[in-house]
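Beneath this line is the structure, given in structure tokens, with notes to follow.
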Amino acid sequence: MTYIPNTDNDRRIMLEAIGIKSIDQLFSDIPESHRDPDLKLQEALSEMDVLAHLKAIANENESLEQLLCFAGGGWYDHYVPAFVDQLMLRSEFYTSYTPYQPEISQGTLQAIYEFQSMICDLTQLDVANASMYDGGSALAEAITVAVNTTGRTRVVIAETVDPAYASVARTYASPLDITICSAKNFDVGENGVMIECQERLRSEINDETACVVLQRPNFFGWLEDYATVIQCAKRCGAVVIVVGDPVSLGLIKPPGELGADIAVGELRHLVGPPAFGGPGAGYFATTSKFLRSVPGRIAGRTKDNAGRNGYVLTLRTREQDIRRERASSNICTNEALVALGATMHMAALGKTGLQHLARLCLENAHLAVDKLTGNSFRLGTNRPFVREFPLKCPVPAHEIVDSLASDGILPGIDLGQFWPELSHHLLVAFTEKTNDKAVDRLINALGAME
Amino acid sequence: MKEEPVIYELSSPGRVGVQLPPLRKPQKGIDEYLPTEEIRDELPLPEVSQIDVVRHFVRLSQLNFSIDTDMYPLGSCTMKYNPKINEVTGRLSGLSAIHPYQPDGQIQGVLKLLWNLQGLLSEIAGFPGVTLQPSAGAQGEFTGLMLIRAMLTEKGSPRSKVLIPDSAHGTNPATATMCGYKSIGIPSGPDGEIDIEAIERLLDDDVAAIMMTVPNTLGVFETRIEKVCDMAHTVGAQVYCDGANMNAMVGRVRPGDLGIDVMHLNLHKTFSTPHGGGGPGAGALCVKKHLIPYLPGPTVAIDKDDQYFRQHSLSKSIGKVHSNMGNFGNLIRAYTYILSNGKSGLKSIADNAVLNANYVRVRLRDRYDLPFDRTCMHEVVFSGTRQKALGASTLDIAKRLIDYGFHPPTIYFPLIVPEAIMIEPTETESRETIDRFIEALVAIADEAEFDSSILRSAPVSAPLGRLDEATAARQPDLRYSPR
Amino acid sequence: MNDQILPSDLKYTREHEWIKIEGREGLIGITDYAQSQLGDVVYVELPTPGTTFAQADTFGVVESVKAVSDLYMPIGGQVVAKNDTLLDNPEKINENPYGNGWIIKIEVDTEYNTDDLLDAEQYEKLVNDLHP
């Protein structure tokens, strides 16, 4: 096989050195009755045929190359500049292992340090780790930190937090006697989803609450006013966890300024197309008081034996390979390469670029709202939004999604799949790609559904 | 080495490295869209041009060792060649430009690929059920123990203990804790295998599972694995297998046939998806029939018209472990790899991986202590105690290998071997490369005898010398701040 | 292990803590052997003064770059002081484990038991048995 360099002659020489006659002898520890099963598999395809097969499978999809995408829900169809993928293809990055040998891993280590710096700047918090699997597991592990540091087991999650994240958090919480209370902080009115955050959320928070989980912009795209909820949480000694889209953070107040103790979210859309939702990369940032409870890898700056600046993985005693059964997280492999791509893109965007990008999303979303006014689509709550909003439709949302496919449009996400009472609600998201022309196409296509 | 500045130090106000579409004219203030109290004041990100970013990261990349640089003999990590075709298929827009919330009808290809891959892994590992949701091996372990917990809970009690060999990866005991279990250590016997008598002593009806690694982290195949499975099942416990070492078995034995109930496969090890400097990985989880009802949803299913669909809720599911359906990008690569190898190719992976490891074992056993001198599987564990007595620790040997152009092996693991040096050559290294590696370790053994200070001052040819990890931990500097 | 310093006026635990009892007061730290096995100490978790622990209870944690170790009470008592300089300068444990690298001061229980503790000679034997 192509990827195995040894020839029969090599194998003969090596067997001789070992002092055995055949490779079969090396497998004699395996119970004989189970050795060498006759696997029902095809023989190898040539590289050309493998590629043809994968292309054929790819062609069975309607990809975002063909569709105009207004679907979001945490997964946004951004244009990522070409240089990002070109650099991620540097094999010194993608074929290297976790940087446990710092002398020959400075590239990865310094990039992690820069990543951590940017996440801290973006969220206005003190410490960030090298990444989590995705936004969902980042939230689940943030809750573990809150439970371990407060010694409390009651967790309040606003209903407007990404339902997929909440679902992962529930799975992680279930074996640890953590009670998750979902605070239903929205209602459905005549005009659509109505946010009623403050009162219901506050009423769930008390002296037994380990943490309160909020999202900004929330899953519907709105900026809820959490000031009194956060105040209430602080008064009760609960940890405040805020989930958030990193692009929107180019414009809106960062979680650190709002009083969040931990901020988590998903970075995939800064790195490439949604890839059916994985691999993503979860960011995890917190205040210095939780430094020793942070899950996963952290890089730090130090000096080498000649006094030169260098980087290492540090505070390693938090991690599973050292702390073993006393570790509160088992994370080992993370999403380093995706985090690297996000670092490169954030660096190139910089202050001006990220604001500009977020603003393009904002302008396109507002343009759409202006154009939708007056027809039978409704917007619900009059809250500020950045790039996404739920649209109350005259027909079930899934019918719109199915129908607009023939126009080459993915008009959004059917919210009925998460909340049956929102079956007539379409979650519509905007990026720099959904420009004036795109918005017009959407409006026309929706108009035909009235 | 010329020091590479932190990207922030390259910043110059007003610079931007991307070419975005223009904003609308006439430009409105942000406060016409958002209330002022919602608008952020400061955004202290660096301001650099695209060429600054590109050169910075290319220069950083040049400071890294990688598989594409030279042999990377990290035990238990399976640093094999990452085929380039995988990067091409993983980037096909028809597979990567897919939104996770697109309706099933639009993504038949995606679902078909998942379905096919589940089938291939099921056949290779010998388990009827597969979930591709876990993002990495450790999340596979978590998912696996959660399935066991759910099944046992339904039978009356989740039980409280998990038995784990003292040679296990740290993720195993950490996973047990996350799943609400107490870890109980099982000592290894004198032959390097799990101690059956110890299991007999420790096993009772409060044990939920035995977590094993096969072959174990000493590189030894557990010859009594079937007996261990029988013993566990007799008291109603389950056997979890950490599949980090599947590269030794692929095509040669199906772990499911040995009686194991649950096993994860690290697709970034055995199935060649790149490690990416620490991730992303993919930890497919394989289960026996009795655990299928508890798998995380959604799962892929096929209807009578051959249409694939996402089945959202299995009745007894433990819930989701991933925001979507796993690291699909990695799954495309693993699928590509399995098709590229085919039936005979997969078997020759194990054959050559095990041959290469035994060749290293035999050629180095005169120069390095070999605590368990028996046929090994895909990796071999030496001990640096002889060199330690001469003043050169295993860490020194590892660092000196850098000067010979190789990545160090895994060191100080497994914990039960003093001064452990764990070598996994993988099947993708040639005899000549392995000979070069062996010669380097022989030369280092000579150096240790001649003047061990050479080893203690290594590496001398790397971009940096040894780093001060104590100061890094005592005075953590974890983010850039202008100084 | 003849290069280990072992003051003869201290009592030792099998887990490598030492205690110096003077009247009602006990000063506790870890041994020179313990610090050498841990390597560079980078972090110490100290108990709040006022807390009472029984003999063999865990009262804190000491961490090096690549190891974590619990600290055990040689005898029961109430913490009256902790060595706060260790928070910024944990290396003092490496530099002077029996001096300014002390960890806590306790008021010993009125009835305490030193039967399980070792004297310097016994502790030296324990260490030598660990490293023949």
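Values as computed for the structure displayed
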read-out	value
Sole residue being touching a helix residue (DSSP H, G or I) at 6+ places or on another chain (Cβ under 9 Å), part of a loop (DSSP other than H, G, I, E, B) and at pLDDT below 95, chosen from A:N375, A:N382	A:N375
Residue within the stretch B:284-302 that is surrounded by fewer than 22 Cβ atoms within 10 Å (Cβ to Cβ), in a loop (DSSP other than H, G, I, E, B), assigned by TED's automatic domain parsing to the domain that holds B:V110 and without any contact (Cβ under 8 Å) to a residue 60 or more places away in the chain present	yes
Residue match in the stretch C:48-55 (condition: over 15 Å from the mean Cα position of the chain (by Cα) and within 15 Å of C:P97 (Cβ to Cβ))	no
Close pairs from the stretch B:56-72: first over 21 Å from B:S272 (Cβ atoms) and without any contact (Cβ under 8 Å) to a residue 40 or more places away in the chain, partner aliphatic (A, V, I, L, M) and not in a helix (DSSP H, G or I), Cβ under 6 Å, at least 6 apart	none
Residue identified as over 29 Å from A:R90 (Cα atoms), in contact (Cβ under 8 Å) with a residue 12 or more places away in the chain, more than 7 Å from chain B (Cβ to nearest Cβ) and more than 14 Å from the chain's Cα centre (by Cα) among A:T286, A:T343	A:T286
Search result, residues across the stretch C:113-125 that are buried (at least 16 other Cβ atoms within 10 Å of the Cβ) and out of contact with any Ser or Thr (no Cβ under 9 Å at 6 or more places or on another chain)	C:E124
Some residue of the stretch B:428-441 being within 14 Å of chain C (Cβ to nearest Cβ) and not hydrophobic (A, V, I, L, M, F, W, C)	no
Criterion violated by A:T314 - all others in (1) closer than 17 Å to B:A174 by Cβ; (2) in contact (Cβ under 8 Å) with a residue 12 or more places away in the chain satisfied	(1)
Criterion: at negative phi, at the interface with chain B (Cβ under 9 Å from one of its Cβ atoms), within 26 Å of the chain's Cα centre (by Cα) and hydrophobic (A, V, I, L, M, F, W, C) - qualifying residue of A:F430, A:F385	A:F385
Matching residues in the stretch A:1-18 - criterion: being of a type outside the set (V, I, T) and within 7 Å of chain B (Cβ to nearest Cβ)	A:M1, A:Y3, A:P5, A:N6, A:D10, A:R11, A:M14, A:A17
Where A:T333 falls short, out of the listed (1) facing another protein chain (nearest Cβ under 7 Å); (2) in a helix (DSSP H, G or I); (3) of a type in the set (V, I, T)	(2)
Qualifying residue in the stretch B:99-111 (condition: of a type in the set (G, A, S) and surrounded by fewer than 24 Cβ atoms within 10 Å (Cβ to Cβ))	yes
Residue count for the stretch A:402-450, restricted to those that are of a type in the set (A, V, I, L, M), touching a residue at least 60 places away in the same chain (Cβ under 8 Å) and surrounded by fewer than 21 Cβ atoms within 10 Å (Cβ to Cβ)	3
Residues within the stretch B:218-267 that are facing another protein chain (nearest Cβ under 10 Å), part of a loop (DSSP other than H, G, I, E, B) and either under 19 Å from the mean Cα position of the chain (by Cα) or touching a residue at least 40 places away in the same chain (Cβ under 8 Å) (or both), tallied	7
Candidate set from the stretch C:60-76 (those that are over 16 Å from C:Y12 (Cα atoms) and assigned to a strand (DSSP E or B)); member that is farthest from the other protein chains (Cβ to nearest Cβ)	C:G60
Criterion (in contact with a His (Cβ under 8 Å, 6 or more places away or on another chain) and of a type in the set (V, I, T)) met by exactly one of A:T95, A:T108, A:T7, A:T2	A:T95
Which numbered condition B:I416 fails, given (1) free of Cβ contacts under 8 Å to residues at least 60 places away in the same chain; (2) more than 27 Å from A:L15 (Cα to Cα); (3) touching an Asp or Glu at 6+ places or on another chain (Cβ under 6 Å)	(1)
Search result, residues across the stretch A:327-358 that are over 29 Å from B:L267 (Cβ atoms) and charged (D, E, K, R)	A:K351
Any hit, the stretch A:188-206, residues being aliphatic (A, V, I, L, M), under 30 Å from A:H78 (Cα atoms), assigned to a loop (DSSP other than H, G, I, E, B) and not assigned by TED's automatic domain parsing to the domain that holds A:K392	no
Residue, farthest from the chain's Cα centre (by Cα), within the stretch A:290-330, restricted to residues that are on the phi > 0 side of the Ramachandran plot and part of a loop (DSSP other than H, G, I, E, B)	A:G307
Selection count, the stretch B:130-149, where residues are in contact with a helix residue (DSSP H, G or I) (Cβ under 8 Å, 6 or more places away or on another chain) and of a type in the set (S, T, Y)	2
Residue ranges of helices (runs of 4 or more DSSP H) in the stretch A:56-158 with at least 2 members in contact with a Leu (Cβ under 9 Å, 6 or more places away or on another chain) and within 7 Å of chain B (Cβ to nearest Cβ)	A:91-94, A:106-123
Where a residue in the stretch A:32-50 is at the interface with chain B (Cβ under 7 Å from one of its Cβ atoms) and its partner, wherever it lies, is of a type in the set (D, E) and buried (at least 16 other Cβ atoms within 10 Å of the Cβ), with Cβ under 9 Å and at least six apart	A:H34/B:E226; A:H34/B:D257; A:P37/B:D257; A:L39/B:E123; A:K40/B:E123; A:L41/B:E123
Test: residue in the stretch B:14-37 that is under 25 Å from A:Y100 (Cα atoms) and more than 7 Å from chain A (Cβ to nearest Cβ)	no
A:D49 vs. criteria part of a loop (DSSP other than H, G, I, E, B), modelled with pLDDT of 95 or more, more than 30 Å from A:I262 (Cα to Cα) and not β-branched (V, I, T)	no
Answer residue from the stretch B:46-98, given it is under 20 Å from the mean Cα position of the chain (by Cα) and not in a loop (DSSP other than H, G, I, E, B) and is surrounded by the fewest Cβ atoms within 10 Å (Cβ to Cβ) among those	B:K84
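The values are calculated or read from the model by the stated rules, or taken from the named source; none is laboratory data. Remember, it's a predicted structure, so these values are computed and weren't measured experimentally. Cβ: placed from backbone, ideal geometry, glycine included. Neighbour counts: every protein chain shown.
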